[in-house]
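The values are calculated or read from the model by the stated rules, or taken from the named source; none is laboratory data. Source: prediction; values computed, not measured. When we count neighbours, we look across all protein chains shown, and the Cβ atoms used for this are built from the backbone with ideal geometry, even at glycine. We work out accessible area using only protein heavy atoms, side chains counted, and drop any ligands, DNA or RNA first. Shrake-Rupley method; radii C 1.70, N 1.55, O 1.52, S 1.80 Å.
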Amino acid sequence: MNGERAARYRKLLYGRRKGPKLSERQQQLLDHLLPKYELNLRSGCDPRTYFSAPVEEVWLEVGFGGGEHLFWQAEHHSNVGIIGAEPYENGIVKLLSQLEAVPLNNVRIYTDDARDILETFPEMSLTRAFILFPDPWPKARHHKRRFIQMEMLDQLACTMRPGAVLRFASDDAAYIEWTLERLKTHPAYEWTATCQADWKVRPPDWPSTRYETKELHGKPVFLTFRRV
């Protein structure tokens with residue numbers, strides 16, 4: 001089975017690509033500004049070369065939603081190249097609207113499945129990864145569509161340098177339990193928490209998102225793991 005055919009049979013880990021009809025201005029952002037920031041993957045390429053300005057390291061955010069967290073991190077870490085993977089069109093244009101107001105050279109947007117990035121990046125090329133409030137796919141028959149799977153954690157571990165950080169957040173108790181079960185038993189990761197505050201209190205360099213202020217369904221938990 002060739003790669004293109006295999007991709008068609010790969011289970012989708014995200015929901016819809018399109019939401020409400022875009023306004024004329026939003027469509028213009030997609031047509032004219034996205035090409036400046038869009039990531040075009042090249043197999044085996046050093047990800048630092050994807051950015052127009054020199055960067056010392058590269059971070060990845062899987063499913064950046066409206067882009068508030070990604071934009072904040074990029075704005076506060078100009079020496080870091082930050083790649084965001086987000087298939088949802090309406091989320092992409094929200095990040096683009098921020099980049100239109102404040103252009104940043106250290107942001108790249110991938111508009112498809114984040115697993116493509118993990119499969120393409122060289123080993124030990126990431127120093128930080130964010131998986132923040134992913135879709136919990138609460139129905140049992142949909143659990144296979146959760147992004148946190150042992151196979152995915154294997155792939156992510158390959159792209160992370162020793163000492164690299166993985167941050168995960170969720171407000172879904174069942175998905176939090178699911179994630180802890182897998183990350184705590186995976187030999188490539190260690191949980192950095194030493195007390196309850198380490199997962200109950202948001203770290204100061206972890207900004208909130210629009211989802212957190214408007215749509216939380218439970219108490220959020222903030223988990224940090226280190227690549228061993």
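Data table
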| quantity | calculated |
| --- | --- |
| Structure-derived percent of Cα pairs over 26 Å apart - corresponding label in [x] 41; [y] 35; [z] 31 | [y] |
| Over the chain, relative contact order from alpha-carbon pairs under 8 Å, at least 6 apart, % | 20 percent |
| Accessible-area composition of the chain, carbon plus sulfur, in percent [1.4 Å probe] | 51 percent |
| Charge dipole of the chain about the Cα centre (unit charges at C-beta), most positive-ward option of Ser97, Val58, Leu216 | Leu216 |
| Relative packing of peptides 135-148, 183-196 - highest average C-beta neighbours within 10 Å first | 135-148, 183-196 |
| Alpha-carbon spread of the stretch 68-198, three principal axes, descending order, Å | 41, 34, 34 |
| Whole-Hz couplings from phi, Karplus 6.51/-1.76/1.60, listed for the stretch 155-172; x for Gly and Pro | 5, 4, 4, 5, 8, 9, 6, x, x, 5, 10, 10, 10, 10, 9, 7, 10, 9 |
| 5 angstrom amide H check on Glu61, placed H, neighbours 5+ away | Ile83, Gly84, Ala85, Phe130 |
| Residue-normalised accessible area of the stretch 112-194, given per residue in Å² at a 1.4 Å probe | 44 Å² |
| In sequence order, calculated HN-Hα J values of the stretch 128-142 (Karplus, 6.51, -1.76, 1.60; Hz; x Gly/Pro) | 7, 9, 10, 10, 10, 6, x, 4, x, 6, x, 6, 4, 5, 9 |
| Under the Karplus curve 6.51 cos²θ - 1.76 cosθ + 1.60, θ = phi - 60°, whole-Hz ³J(HN,Hα) for the stretch 20-25, x wherever Gly or Pro sits | x, 4, 6, 6, 4, 5 |
| Dipole magnitude of the chain, debye to nearest 20 (Cβ charges: Lys/Arg +1, Asp/Glu -1, about Cα centre) | 680 debye |
| Long pairs among Lys144/Lys214; Lys94/Lys214; Lys21/Lys94, criterion Cα-Cα beyond 19 Å | Lys144/Lys214 |
